[in-house]
């Protein structure tokens, strides 16, 4: 009889424990729907060796996850935010017609559009191709051989900070062409390879190493790639679109977020990660290493000034707030259909606590869709 009672008690405890576990995981799925998909993928790939080990703590902020899901309703795209001081991912939300799809954030490489002008400016300054006061006139259109590239209306001529603030295509196309034709390099091949070194040092052109399975890298072209792609050879005119973030350049939203985190830090970043280290489960050393970029330290000041200018008086002026200083860069990514909407930024300007990238497919102007989404995430986190 006692054995029967003991067996019943044990069974009831097991039922209660299972119910509690199901309730807990159900709540986790509500808060982190994408991460549960990742967890299931990870479980298939690995064999558990310790059943008594607690689940790793996540860095994602629940209220940011919920807000991000609301902001992406009816849209296809991604929101990625991280703490630049640690690389901890604060928000990782995606949406598609079929629901959340983590691949949109970590494995889908898009042309970055004008958000790429931030990295471009840093490389051009560091190489001495341009200076903070380099001034370029813009008449609203640039003719480059058979190419005709338009630019929206803005003041002219512009120095670098204002070229960033107003996102002048002419300024960046001419500056990139100057790099490829510069006499400081033996030839255009050496120039593009040197340029690529800067980009990869900022975390572009390959996987970031995030602790989520399935990540893929983007494209940062070097000379070998260009000769394979263009069998008859390439010229500066062939790749001039890269100057404004189009053509032979792609990046995932996660990479863009990580890149802008390096700007927030004025020259370094950490590998992004969603698991928080604990005494029982410390982070792998690769997530604790500070990774320095090749960018000259002095180059960050005029670039950040331009990003701040974009919010104060430029393309992102609609998200300006007196509560804290946002630095950002809008991007409108040319596409066969409606353009994609993109934004990267960080806040506050000094002692930044959040870096963010938002990418919305077919969203149109970066200032109209992606930037307001980023502003709401930033506001929720900094309030």
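Would you confirm whether any residue within segment 271-294 is surrounded by fewer than 22 Cβ atoms within 10 Å (Cβ to Cβ), under 16 Å from the mean Cα position of the chain (by Cα) and assigned to a strand (DSSP E or B)? No: zero hits.
If you go through segment 109-129 and keep only what is assigned to a loop (DSSP other than H, G, I, E, B) and surrounded by 24 or more Cβ atoms within 10 Å (Cβ to Cβ), you end up with 111, 112. Scanning segment 350-383 for residues that are closer than 24 Å to residue 271 by Cβ and touching a helix residue (DSSP H, G or I) at 6+ places or on another chain (Cβ under 8 Å) yields 352, 353, 354, 355, 356, 357, 358, 359, 374, 377, 381. Residue check: is residue 304 within 15 Å of the chain's Cα centre (by Cα), surrounded by 14 or more Cβ atoms within 10 Å (Cβ to Cβ) and assigned to a helix (DSSP H, G or I)? Taking the combined requirement at face value, the residue does not satisfy it. The residues of segment 69-98 that are assigned to a loop (DSSP other than H, G, I, E, B) and touching a residue at least 40 places away in the same chain (Cβ under 8 Å), listed by number, are 72, 75, 76, 83, 84, 85, 86, 87. Within segment 99-108, restricting attention to residues that are in a loop (DSSP other than H, G, I, E, B) and within 13 Å of the chain's Cα centre (by Cα), which residue is surrounded by the most Cβ atoms within 10 Å (Cβ to Cβ)? Across segment 99-108, the extreme among qualifying residues is 108. On the stretch given as segment 340-370, residues that are out of contact with any strand residue (DSSP E or B) (no Cβ under 6 Å at 6 or more places or on another chain) and either within 19 Å of residue 72 (Cα to Cα) or without any contact (Cβ under 8 Å) to a residue 12 or more places away in the chain (or both) total 3. What residue, of 217, 314, is touching a residue at least 60 places away in the same chain (Cβ under 8 Å), crowded, with 24+ Cβ neighbours inside 10 Å and assigned to a loop (DSSP other than H, G, I, E, B)? The unique qualifying residue is 314.
FYI, it's all coordinate maths here, none of it is from the lab. Everything quoted here is computed from the prediction, not taken from an experiment. Ideal geometry is used to build each Cβ from the backbone, glycine not excepted, and the neighbour counts take in all protein chains shown.
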